[in-house]
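Visitor: Have a look at this one before I ask anything.
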Amino acid sequence: MIKIGLVSKRYGKLVALDNVSFEVNDNECFALLGLNGAGKTTLINILSTSLLPTAGTVTVNGFDIIKDRESVRKIVNISPQESAVAKNLTVRENLYFMASLYSIENKQDKIDGIIEKFGLREKENVRCKKLSGGQVRRVSIALAMITEPQVLFLDEPTLGLDVKSRKVLWDIISELKSNRTVILTTHYLEEVEFLADRIGVISRGQMKAIGTRDEILKMTETDTLENAFLSLAEEEQ
């Protein structure tokens, strides 16, 4: 689904990404791990077409992110770390507004389906400023799903949520990844173990390791994902 070849991003002398190459498969959840400043958000912004690389190539379902930018944007969407939810609108109004932006046909039917899928029926007419943090995150992901993207980017989807709210979102994400590619950034390693099919560890803008949990444990000769991650990202400390 996604092919990344020798992608770099520089801001003057600062190298945010340094010759990153990997692939993400159809219908898999790929977790991108790294400490703050490692390059995760920069990479997500490039893959979702909101930022251009300094060098390298990226294709999404065969479309080049530079030459075919509009085609890529039709098949991807992102739920950003900073929620794009309009707090003064209700859940339904937020979804209707987003559906209108994308000129979605059969808006009401699409919105009804998403409200059911995300367990928001009881809150559909509540202003989002009155929702809990977990409910707001559900709305944020629901907004990204309005276009039924082939690739969904989730940037820290459960940041700051309590254990119960996090588990609700995990179950939703598990269902979403069954028929689309999901790229997830998170600092919660238990989230990675629950959701991810494969993991990429990025440090100082370089991809240090890619594989399943077991493959990364074997590669780093460690017994837990936490120890594996710390051994790969140790230089960031």
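Computed from the coordinates by the stated procedures, all read-outs in this text should not be read as laboratory data. Quantities reported herein were computed from a predicted structural model and do not represent experimental measurements. Cβ sites come from the backbone with ideal geometry, for glycine too, and all protein chains shown count toward neighbours.
Visitor: What is the local net charge at residue 212, summed over the other residues whose Cβ is closer than 12 Å to its Cβ (Lys, Arg +1; Asp, Glu -1)?
Guide: Values: positive: 198, 213, 218; negative: 28, 193, 197, 214, 215.
Overall, the nearby charge balance is -2.
Visitor: Counting other beta carbons within 10 Å of each residue's own, what order do 29, 128 fall into, fewest first?
Guide: Starting with the residue having the fewest Cβ neighbours, the order is 128, 29.
Visitor: Next up: Which whole number of Å³ per residue matches the convex hull of the alpha-carbon atoms in segment 138-222?
Guide: Values: hull volume 9.6 nm³, N = 85.
Considering the Cα atoms of segment 138-222, their hull volume per residue is 113 Å³.
Visitor: Segment 84-148: percent of C-alpha pairs farther apart than 14 Å?
Guide: Values: 953 of 2080 pairs.
Cα-Cα pairs of segment 84-148 separated by over 14 Å account for 46 percent.
Visitor: Longest span of the chain, sites excluded, free of GluC sites (Glu not before Pro) in DSSP loop with at most 11 other C-beta atoms within 10 Å? Don't jump to the answer; show the numbers that get you there.
Guide: Values: sites that count: 82, 105, 221.
Value returned for the longest uninterrupted segment is 106-220.
Visitor: Now for a separate question. Only Cα pairs under 8 Å and at least 6 apart count here; give the relative contact order of the chain as a rounded whole percent.
Guide: It rounds to 27 percent for the chain.
Visitor: Moving to a separate point now. So what is the relative contact order of segment 84-148, in percent, for Cα pairs below 8 Å that sit 6 or more residues apart?
Guide: After rounding, I find 51 percent.
Visitor: Could you tell me what a quarter of the Cα convex hull surface of segment 46-93 works out to, in nm² with one decimal place?
Guide: 4.6 nm²
Visitor: I would also like to ask the following. Run the numbers for residue 66 and residue 231: contour at 0.36 nm per residue of separation, minus the present Cα-Cα distance, in nm.
Guide: Stretched fully, the residue 66-residue 231 segment lengthens by 55.9 nm.
Visitor: Which of 13/164; 117/218; 130/208; 87/208; 177/218; 87/167 have a Cα-Cα distance over 32 Å?
Guide: The pairs that break the limit, which is 32 Å between Cα atoms, are 13/164; 117/218; 130/208; 87/208.
Visitor: Also, quick follow-up: Express in % the proportion of alpha carbon pairs of segment 174-230 at distances exceeding 16 Å. Can you show the working numbers first?
Guide: On the way: 687 of 1596 pairs.
Tail of P(r) above 16 Å: 43 percent of Cα pairs.
Visitor: Measure out, as a whole number of angstrom, how far apart the alpha-carbon centroids of segment 99-130 and segment 32-48 sit.
Guide: Distance between centres, Cα-based: 29 Å.
Visitor: Something else: If you take the beta carbon distance between residue 11 and residue 187 as r and set R0 to 25 Å, what does 1/(1 + (r/R0)^6) give as a FRET efficiency, to the nearest 0.05?
Guide: Values: r = 23 Å, r/R0 = 0.94.
The pair residue 11/residue 187 has a calculated efficiency of 0.60.
Visitor: Kindly provide the chymotrypsin sites (Phe, Trp or Tyr not before Pro) of segment 88-169 that DSSP labels as loop, not H, G, I, E or B, and whose Cβ sees at most 16 other Cβ atoms within 10 Å. The partial results should precede the final answer.
Guide: Working: sites: 96, 97, 102, 118, 153; in loops: 102, 118.
Filter output for segment 88-169: 102.
Visitor: In whole Hz, with x marking every Gly and Pro, tabulate ³J(HN,Hα) for segment 150-157 from phi via Karplus 6.51 cos²θ - 1.76 cosθ + 1.60, θ = phi - 60°.
Guide: Ordered by residue, 3J(HN,Hα) equals 6, 10, 10, 9, 10, 9, 6, x Hz.
Visitor: Rounded to two decimals, what ratio of Rg to Rh does segment 1-140 give with C-alpha atoms and a Kirkwood Rh?
Guide: Values: Rg = 17.7 Å, Rh = 17.1 Å.
So for segment 1-140, dividing Rg by the Kirkwood Rh gives 1.03.
Visitor: Amide H of residue 209 versus every other amide H placed in the peptide plane: which residues, excluding those fewer than 5 positions away on the same chain, fall under 5 Å?
Guide: Here the answer is 201, since their amide H atoms fall under 5 Å of that of residue 209.
Visitor: Looking only at the chain, where both bridge partners belong to it, what percent of the DSSP beta bridges are antiparallel (to the nearest 5)?
Guide: 55 percent
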